[in-house]
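Input: a single structure, listed below in structure tokens.
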Amino acid sequence: MATFPSRHYDIEEYPAVKNHLLSYGIERLEQTGNKYFTDGLEIKARKKTNNKWYETQDSISYWNDFSKQKIVWGNLCQAAQYTLVDKDYFINAPSPMIVPGNKYILAVLNSHLGDWYIRQLGVTRNGGYFEYKPMFVEQLPIPKIPEKEQAVFIDIVDKILMAKESGEDTSIL
């Protein structure tokens with residue numbers, strides 16, 4: 001648990017959060033890169049930054065994107081598994097995201113052709129697992145088409161999402 005430096009929070013205004021964070025030990029939280037010995041154990045502080053001890057190490061100026069609708073995927077899968085996550089839901093690493101979530105883009109990413117294209121850029125690992133790194137996914141050339149023409153793709157995505165909620169097979173879609 002930490003705060004984003006770009007938010008400029010004053011930890012003194014949140015004493016319960018401060019106390020909770022300090023329960024992990026200031027030595028672990030400070031951003032000095034120092035090493036400490038406590039009770040015979042070596043404790044290493046986080047990497048050296050100019051951020052405060054209760055802030056994330058990176059500025060994460062895009063912090064607001066986490067609260068928006070997004071497309072997310074696991075980074076190691078046997079086939080394309082992109083999904084739409086509603087706004088105000090957070091995801092855990094390693095799970096890349098595309099903001100804003102767009103059902104047309106979701107349809108292209110989950111298509112056989114989109115998956116084939118992305119797989120030409122990387123390496124398949126043991127067991128047929130492919131690492132869907134953002135550096136591969138971002139190279140997929142998704143045609144820009146008017147919103148009106150996106151409707152057919154969005155309709156299919158909506159049908160798939162509804163069927164998935166009911167536990168129905170969606171392979172035909």
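Quick notes
- Among the candidates Val152, Val85, residue that is modelled with pLDDT under 95, more than 30 Å from Thr32 (Cβ to Cβ) and out of contact with any Cys (no Cβ under 6 Å at 6 or more places or on another chain): Val85
- Residue in the range 98-116 that is within 30 Å of Ile11 (Cβ to Cβ) and surrounded by 15 or more Cβ atoms within 10 Å (Cβ to Cβ) present: yes
- The combined condition, being closer than 30 Å to Gly128 by Cα and of a type in the set (Lys, Arg), is not fulfilled by Lys35.
- Residue in the range 122-130 that is β-branched (Val, Ile, Thr) and either within 19 Å of the chain's Cα centre (by Cα) or assigned by TED's automatic domain parsing to the domain that holds Trp73 (or both) present: yes
- Among the residues listed as Ile105, Ile118, Ile172, the single one being farther than 22 Å from Leu76 by Cβ and either out of contact with any Gly (no Cβ under 7 Å at 6 or more places or on another chain) or not polar (S, T, N, Q) (or both): Ile172
- Contacts under 9 angstrom Cβ, first residue in the range 12-28 being among the small types (Gly, Ala, Ser), partner surrounded by 10 or more Cβ atoms within 10 Å (Cβ to Cβ), 6 or more apart: Gly25/Tyr36; Gly25/Thr38; Gly25/Ile43
- Residues satisfying the stated conditions in the range 72-113, i.e. within 9 Å of the chain's Cα centre (by Cα) and aliphatic (A, V, I, L, M): Val72, Ile91, Ala93, Met97, Ile98
- Qualifying residue in the range 43-50 (condition: in the same structural domain as Arg7 (by TED's automatic domain parsing), more than 24 Å from the chain's Cα centre (by Cα) and under 17 Å from Ile11 (Cα atoms)): yes
The values are calculated or read from the model by the stated rules, or taken from the named source; none is laboratory data. None of the values given here were measured: they were computed from a predicted structure. In this analysis, Cβ positions are derived from the backbone assuming ideal geometry, glycine residues included, and neighbour counts consider all displayed protein chains.
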